[in-house]
Amino acid sequence: LNANNEKIDIETLIGKTIVIYFSASWCPPCRRFTPILSETYHNVKREVVAKNEQVEFVLMSADTEISAYNAYRQKMPFLAVPFHHAETKLPMLKHFFQFRTIPHVVVILPNGTVSNWDAANDIYSDIQGKHFPWWKKDIQD
């Protein structure tokens, strides 16, 4: 869903860098992180557009009540997975992206490569988005 609560075609995400934000309104660390991520979103959008690239940030909510989900979404300028999809897909995605706690941020490049499996701390230290997509070097490198 976009900020106007309109469904978007998932195919519009092809060829873009995708930043997935796992969060929930009931989570105090998430509520503190959301304004930071929203500011980062605007900064990254500006930087990426200047480079002729495209990026979308997408909320994947762990909220269990639609009213909380809807209220929380209003605080974010980016896309969101619809409530009924988030509720069913979240367990699978938590397993796939190997995380247990929120807030959690994953960055996926247009070619499907994950540049950062856990970008929240990198975003805290780079609100301006100058180091986007916040590459994490493999420990073996």
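The values are calculated or read from the model by the stated rules, or taken from the named source; none is laboratory data. Because the structure is a prediction, the values reported are computed rather than measured. Cβ: placed from backbone, ideal geometry, glycine included. Neighbour counts: every protein chain shown. The area values use the complete protein model at the heavy-atom level, side chains included, leaving out ligands, DNA and RNA. Shrake-Rupley method; radii C 1.70, N 1.55, O 1.52, S 1.80 Å.
When the stretch 28-79 is limited to residues that are closer than 15 Å to A3 by Cα and among the aromatic types (F, W, Y), the one that is nearest to the chain's Cα centre (by Cα) turns out to be F57.
The rows are residues; the columns are (1) modelled with pLDDT of 90 or more; (2) polar (S, T, N, Q); (3) open to solvent by less than 80 Å² (accessible area, probe 1.4 Å).
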{"residue": "I14", "(1), (2), (3)": "yes, no, no"}
{"residue": "S25", "(1), (2), (3)": "yes, yes, yes"}
{"residue": "F33", "(1), (2), (3)": "yes, no, yes"}
{"residue": "S38", "(1), (2), (3)": "yes, yes, yes"}
{"residue": "V44", "(1), (2), (3)": "yes, no, yes"}
{"residue": "V81", "(1), (2), (3)": "yes, no, yes"}
{"residue": "S115", "(1), (2), (3)": "yes, yes, yes"}
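So for the stretch 45-52 (the condition being touching a strand residue (DSSP E or B) at 6+ places or on another chain (Cβ under 7 Å) and closer than 15 Å to A119 by Cα), does at least one residue qualify? No, the stretch 45-52 has no match at all. Highlighted here are the strands (runs of 3 or more DSSP E) found entirely within the stretch 13-131 that include at least 3 residues which are touching a Pro at 6+ places or on another chain (Cβ under 9 Å): 17-23.
Residues in the stretch 76-130 that are acidic (D, E) and under 21 Å from D63 (Cα atoms): E87, D118. Being over 16 Å from T17 (Cβ atoms), touching a residue at least 60 places away in the same chain (Cβ under 8 Å) and surrounded by fewer than 16 Cβ atoms within 10 Å (Cβ to Cβ) is the requirement here; does Q74 meet it? Answer is no for this residue. The residue list A62, A68, A50, A86 contains one member that is out of contact with any Gly (no Cβ under 8 Å at 6 or more places or on another chain) and exposed (fewer than 15 other Cβ atoms within 10 Å of the Cβ), which is A50. P29 satisfies every condition listed in (1) more than 20 Å from P133 (Cα to Cα); (2) modelled with pLDDT under 95 except (2).
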